[in-house]
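J.: Provided herewith is a single structure, encoded as structure tokens, for subsequent inquiry.
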Amino acid sequence: MRIACLGGGPAGLYFAISMKLRDPAAEVVVVERNRPDDTFGWGVVLSDETLTNLAANDAVSAAAIRSYFAYWDDIAVHFKGTKTVSTGHGFCGIGRKQLLLLLQARARELGVELRFETNVENVCKYAEEYDLVVAADGLNSRARTEFAEKFEPEIDVRTCKFVWLGTHQKFDDAFTFIFEETEHGWVWAHAYQFDKDTATFIVECSAATWEKFGFGEKSQQETNRICERIFAKYLGGHELMTNANHIRGSAWLSFPRVLCKRWSYRNVALLGDAAATAHFSIGSGTKLALESAIALAELVNAEPTLEAAFARYEEERRTEVLRLQSAARNSLEWFEDVERYFDLDPVQFNYSLLTRSQRISHENLRLRDKAWLESAEQWFQDRAGAPAGTRRAPMFAPFRLRDLELRNRVVVSPMAQYKAVDGTPTDWHLVHYGERAKGGAGLVYTEMTCVSPEGRITPGCTGFYAPEHEIAWKRIVDFVHSETHAKICAQIGHSGCKGSTKLGWEGADQPLDDGNWPVMSVSDVPWSAGNQTPRAMTRADMDLVRDQFVASAEMADRAGFDMLEIHAAHGYLLSSFITPLTNNRTDEYGGSLENRMRYPLEIYHAVREVWPAGKPISVRISANDWVGDEGVTPREAVEIAKMLQEAGVDICDVSAGQTSTLARPVYGRMFQTPFSDRIRNETGMATMAVGNIYEPDHVNSILLAGRADLVCLARPHLTDPYWTLRAAAKFGDTGEPWPDPYLPGRDQLLRLAERAAEMAAQDRVV
């Protein structure tokens, strides 16, 4: 087989090596436009896992690479005059130039032909002359451009600016992050040693700060002198160096996130950065390239045809690439938005940085550096007002809103039960809410309880509009207060255009087969083509509904609820005012965000007047309509939260979506938490996070990183009402009170958890 590798970086060289190892008779040539010892990066970071994979593939080159590695175990973060060090992270680095020279030597040893200073002008020509063309030609891939219609690349150029520098200052004790505030804004550095004399020193900042410094018009030498001044106290008199002298003018870059729909066409396959990029802040670009090179070589050798090899290559590697790209996206977005975190305490800032990609979780940090994590947990408990010296997981920290005091930060989310009879809660609700209150959560929410018969979503929805409703709810609240330590919140709302529909398990948001009642909304926009067209509300309608909200709030207070939430999300009535997808009014309630928020705020103010001053009120919003700029965006959600905050709302319950059938949400673990994070850290308003949160690790990570103040779980509480108590037992935490009749069950659970922990520790030792 005749093979051409376009690009002499780590990806192309390592594929050539891997292929020759499997097929020594193959004719393999590597074509590279630069000279053998040219390189425009500094250091390369790899993990122990990648080293193991390299050793299994080629022990010779792996041993040579390992002999040049610089190792470090710590991460050091310099922020606001504080240096925070955590350990157990396990990095290793090597100079990019050294790596290339080692791979070149190994390739020559195996019989690979290396052609340097050779430009590839026409990939088609190579595809005609060779049986296989591996395009490992980097970010600016000629092959990807030439066959763009076939590969369908998506290139997302990100907002931060960075420059890749080096220094002879030592950073050999830790991977180091440095954040410095300047006259033009914050500038930060990623620094790590890659040989005994030299360290990588990547300088990064926002585009706004970059423009204020005028870096785009400055020479590389001028950039270096400015950066030396900014980071003088960390450089110890050493200069910053560039190796991008081949570039005229500024060497600053914007990171392009690349992902191709397809990685192969005919006999051409993309590899490394040509196919997909991973942001440098997680150090996985070279890892992806080397491991993909191994996979492609193995499949080309094993499969009967290139078509079959390419199909498996894309299928098997794409998942791993997307997983790392997702982590890299989380990381780069953290740095893009880092200025929102500069008000955090250094402890919380450090935790936020360490967990930014979601690859490192709370309990993973405990395995890496138990002492540091426990000190951070104590800091969180101290800030929460727990007794001095408390060391418990963040989810078990107290929380206060006005006069409401919660034992912990776990919230049972509102979950529609559809079991009411004419709006009246039944024994089902008593058992449902009672069990979850017994299960240890600090706060239990009711399902959306409707302010009128016409405001119900379904015939099975609960209400606050008849005396018997108040009596039934009071029975439930009294049980929660007398038998548990939980507090209980009433969520009230009006269905709007999503009303008069079937029970959830009969067909969510589908109109009733018969017995439909008329619906109204902000405008005459139906929820879907199959739903009723609502009547656009008149001022008289708005007055009526406002008074119904007030009457419902008064009922909730008399029933003894500790907290009230106004539902202004998910496409229901108040949500329909907020989103431009359904609000097409031309009066003072439509158009601008200020106008669209006018009626929801009017409802809030009317309710706040009758709700006791010591009891908090929250508002649930949809922070993203998931339709781009046509609907509410996360940016606009910040402005919505600011309006709520200024009005006196105590906490924002940050959900998303369900406002339009056009929505295209992006799902994943904790997928809505970034909206809570943004609102909390850009406004200072307390928030609740929701959305595919199902593990104690998720809850603790969200809280200690400052992404929310309370964490809401729905489905986990449907499957396990005792989720919180089980989590406490798993941690060996005996601080959460159990119902007295259940204490034998607690003791057994604690014993089993202790035994599991001992066995896990033994497995780690082995």
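J.: Given the pairs 161/642; 474/730; 125/287; 80/161; 97/150; 261/287, which span a C-alpha to C-alpha distance of over 25 angstrom in this model?
T.: Too far apart for the 25 Å limit: 161/642; 474/730; 125/287; 97/150.
J.: Normalising by the residue count of segment 609-766, find the relative contact order in percent from Cα pairs under 8 Å and 6+ residues apart.
T.: Computed over segment 609-766, the figure is 16 percent.
J.: Carbon and sulfur atoms: what percent of the 1.4 Å accessible area of segment 569-698 do they account for?
T.: Roughly 47 percent, rounded to a whole number.
J.: Next question. If you filter segment 103-195 for trypsin sites (Lys or Arg not before Pro), then keep DSSP loop positions with at most 16 other Cβ within 10 Å, what is left?
T.: 170
J.: Now a separate question. Only helical DSSP H runs with n ≥ 4 go in: add -39500 (n - 2.57) per run for the chain, normalise by residue count and round the 222 nm mean residue ellipticity to 500 deg cm²/dmol.
T.: Estimated from H runs of four or more residues: -12500 deg cm²/dmol.
J.: Give the accessible surface of segment 94-145 per residue, rounded to a whole number of Å², with probe radius 1.4 Å and ligands, DNA and RNA excluded.
T.: Dividing the accessible area of segment 94-145 by its residue count gives 49 Å².
J.: Please calculate how many Å² of accessible area segment 639-687 carries per residue, with a 1.4 Å probe and no DNA, RNA or ligand atoms counted.
T.: 40
J.: Here's another thing I want to ask about it. Give the residues of segment 667-706 whose amide nitrogen is closer than 11 Å to a point set 7 Å from the Cα of residue 391 in the direction of its Cβ.
T.: In segment 667-706, the label zone of residue 391 (backbone N under 11 Å from the point 7 Å along Cα→Cβ) covers no residue.
J.: With the full set of protein chains in place, find how many percent of the accessible area of segment 724-766 is carbon and sulfur; take the probe as 1.4 Å.
T.: 54
J.: Quick check for you: which residues of segment 89-106 have the amide N under 20 Å from the point 7 Å beyond the Cα of residue 47 toward its beta carbon?
T.: 89-95
J.: Express the accessible area of segment 216-271 per residue in Å², computed with a 1.4 Å probe while the remaining protein chains stay in the model.
T.: That works out to 51 Å² per residue.
J.: Ok, one more. What is the gain in length, in nm to one decimal, between residue 131 and residue 734 on full extension, counting 0.36 nm per residue of separation less the C-alpha to C-alpha distance?
T.: 210.5 nm
J.: Divide the volume of the convex hull of the Cα atoms of the chain by its number of residues and quote the answer in cubic angstrom per residue.
T.: Hull volume over Cα atoms, normalised by residue count, gives 185 Å³.
J.: Within the chain, what's the longest stretch lacking chymotrypsin sites (Phe, Trp or Tyr not before Pro) that sit in DSSP loops with no more than 14 other Cβ atoms inside 10 Å?
T.: Value returned for the longest uninterrupted segment is 1-341.
J.: Need one number: nm distance between label points at residue 69 and residue 587, each 7 Å from Cα along Cα→Cβ, rounded to one decimal.
T.: 7.0
J.: Can you tell me what the convex hull of the Cα atoms of segment 1-91 projects to on average, as an area in nm²?
T.: 8.2
J.: Once fully extended, how much extra length lies between residue 517 and residue 319, figured as 0.36 nm per residue of separation less the alpha-carbon to alpha-carbon distance?
T.: 66.5 nm is the gain from fully extending residue 517 to residue 319.
J.: In whole percent, what relative contact order does segment 610-650 give with Cα contacts below 8 Å and a gap of six or more residues?
T.: The value is 40 percent.
J.: Same structure again: Compute the acute angle (0 to 90°) between the alpha-carbon long axis of helix 673-683 and the principal axis of greatest extent of the alpha-carbon atoms of the chain; round to the nearest 10°.
T.: 80
J.: May I ask you to derive the FRET efficiency for residue 23 and residue 155 from their Cβ-Cβ distance with R0 = 41 Å, giving the value to the nearest 0.05?
T.: My answer for the efficiency is 0.75.
J.: Compute the separation of the alpha-carbon centres of segment 385-437 and segment 62-94 and state it in Å as a whole number.
T.: The two parts, judged by their Cα centres, are 42 Å apart.
J.: Just tell me the longest site-free run in the chain, where the sites are GluC sites (Glu not before Pro) in a DSSP loop having at most 16 other beta-carbon atoms within 10 Å.
T.: 240-587
J.: Given contacts defined as C-alpha pairs under 8 Å and at least six residues apart, what's the relative contact order of the chain, whole-number percent?
T.: With pairs under 8 Å counted, the relative contact order is 9 percent.
J.: Tell me the carbon and sulfur percent of the accessible area for segment 26-110, rounded to whole percent, probe radius 1.4 Å.
T.: 50
J.: What FRET efficiency comes out for the pair residue 145/residue 196, r = Cβ-Cβ distance, R0 = 41 Å, nearest 0.05?
T.: 0.55
J.: Sum up the charges of everything whose Cβ sits under 11 Å from the Cβ of residue 663, counting Lys and Arg as +1 and Asp and Glu as -1, but leave residue 663 out.
T.: Local charge sum for residue 663: -1.
The values are calculated or read from the model by the stated rules, or taken from the named source; none is laboratory data. Everything numeric in this text was worked out from a predicted model, so none of it was measured. Quick reminder, even Gly has a Cβ in these numbers, built from the backbone with ideal geometry, and neighbours come from all protein chains shown. Each accessible area value is taken on the protein alone, full model and side chains, heavy atoms only, with ligands, DNA and RNA left out. Shrake-Rupley method; radii C 1.70, N 1.55, O 1.52, S 1.80 Å.
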